[in-house]
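The values are calculated or read from the model by the stated rules, or taken from the named source; none is laboratory data. Since this is a predicted model, take the numbers as computed values, not measurements. Please note: Cβ atoms are built from the backbone with ideal geometry, for glycine as well, and neighbour counts cover all protein chains shown.
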Amino acid sequence: MNLSNRLLAIVSKVNKNSNIVDIGTDHGYVPIYLCEKKVVQKAIACDVSKGSCEKASKNVLEHSLERRISVIKSDGLKSIDTIGFNTVVISGMGGKLVEKILDEGVDKLNNIEYLVLQPQTDIESVRKKMHSIGYIIIDEDIVFEDKMYYNIIVGKKGNEIYEKEIEYMFGKVLLNRQDKMLKSFLEYEILKSKDIINSLKESKTENANSRITEICGYIRLLEKIIN
């Protein structure tokens with residue numbers, strides 16, 4: 001099975017001999033790949049969409065993995081029994097939805113040692129949520145695919161709080177290792193911010209001027225990190 005760079009980055013963060021719950025499984029590619037590569041022993045592929053569950057079930061059968069992968073229609077973790085599983089994967093959805101799933105399923109996380117999260121938005125907020133529910137962030141990666149940057153964040157049971165807001169904004173792990181993809185993302189953010197400033201200059205309103213000042217401060221912060 002050939003996976004996209006984004007999905008390959010996600011599966012690379014799952015420890016060998018894990019048992020996973022894949023939330024928002026869509027076609028079931030993540031658990032199928034991990035089972036075929038003998039990384040995981042068993043998996044639950046779950047999705048709130050009936051259509052996605054049907055597609056995942058079809059793919060599981062085609063790969064003869066029905067004894068190792070259960071497909072369950074569930075709104076997040078609500079219908080999932082996590083006993084016997086140690087890793088939850090949540091990917092391909094907005095950060096606020098990721099947070100909602102974690103909040104509503106927090107009682108199902110007692111025996112979940114690892115989280116592998118790939119929120120599409122609100123990355124800073126997701127990092128804070130992981131800390132608030134008792135996970136330390138042990139690894140992060142950024143993947144560029146289809147003109148988009150994707151963050152993959154790995155959490156492990158434990159307690160930590162970042163001292164600096166900038167560490168939540170851009171990821172302490174990425175900042176500490178001076179990650180090349182983080183630098184690429186920051187450079188992209190600078191260019192995008194400058195385009196916004198140019199658009200705002202045309203309006204010449206008080207609100208626009210205030211917004212320009214705010215964005216200029218953001219650009220200075222990004223440049224400081226890069227340099």
### Summary
Within segment 201-227, residues being more than 32 Å from the chain's Cα centre (by Cα) and aliphatic (A, V, I, L, M) number 1
### Task
Output the residues belonging to segment 47-79 that are part of a loop (DSSP other than H, G, I, E, B), hydrophobic (A, V, I, L, M, F, W, C) and surrounded by 18 or more Cβ atoms within 10 Å (Cβ to Cβ).
65, 77
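So that you can scan it fast, the table gives a plain yes or no per residue for (1) closer than 21 Å to residue 11 by Cβ; (2) touching a Ser or Thr at 6+ places or on another chain (Cβ under 9 Å):
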| residue | (1), (2) |
| --- | --- |
| 73 | no, yes |
| 80 | yes, yes |
| 95 | yes, yes |
| 105 | no, yes |
| 131 | no, no |
| 155 | yes, no |
| 159 | no, no |
| 164 | no, no |
| 174 | yes, no |
#### Entry: The lone exception for residue 209 - which of (1) farther than 22 Å from residue 20 by Cβ; (2) assigned by TED's automatic domain parsing to the domain that holds residue 111; (3) of a type in the set (S, T, N, Q); (4) surrounded by 13 or more Cβ atoms within 10 Å (Cβ to Cβ) it fails
(2)
### Residue list for segment 119-151, filter: assigned to a strand (DSSP E or B), touching a residue at least 40 places away in the same chain (Cβ under 8 Å) and surrounded by 20 or more Cβ atoms within 10 Å (Cβ to Cβ)
141, 142, 150
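For (1) over 15 Å from residue 19 (Cβ atoms); (2) of a type in the set (A, V, I, L, M, F, W, C); (3) touching a strand residue (DSSP E or B) at 6+ places or on another chain (Cβ under 6 Å), each residue gets a yes or a no:
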| site | (1), (2), (3) |
| --- | --- |
| 52 | yes, no, no |
| 68 | no, no, yes |
| 73 | yes, no, no |
| 81 | no, no, no |
| 88 | no, yes, yes |
| 97 | yes, yes, no |
### Query
Which of the residues belonging to segment 131-156 are over 18 Å from residue 182 (Cβ atoms) and under 11 Å from the mean Cα position of the chain (by Cα)?
155
## Note on the structure
Exactly one of 21, 116 is assigned to a strand (DSSP E or B), among the aliphatic types (A, V, I, L, M), farther than 21 Å from residue 148 by Cβ and in contact with a strand residue (DSSP E or B) (Cβ under 8 Å, 6 or more places away or on another chain), and that residue is 21
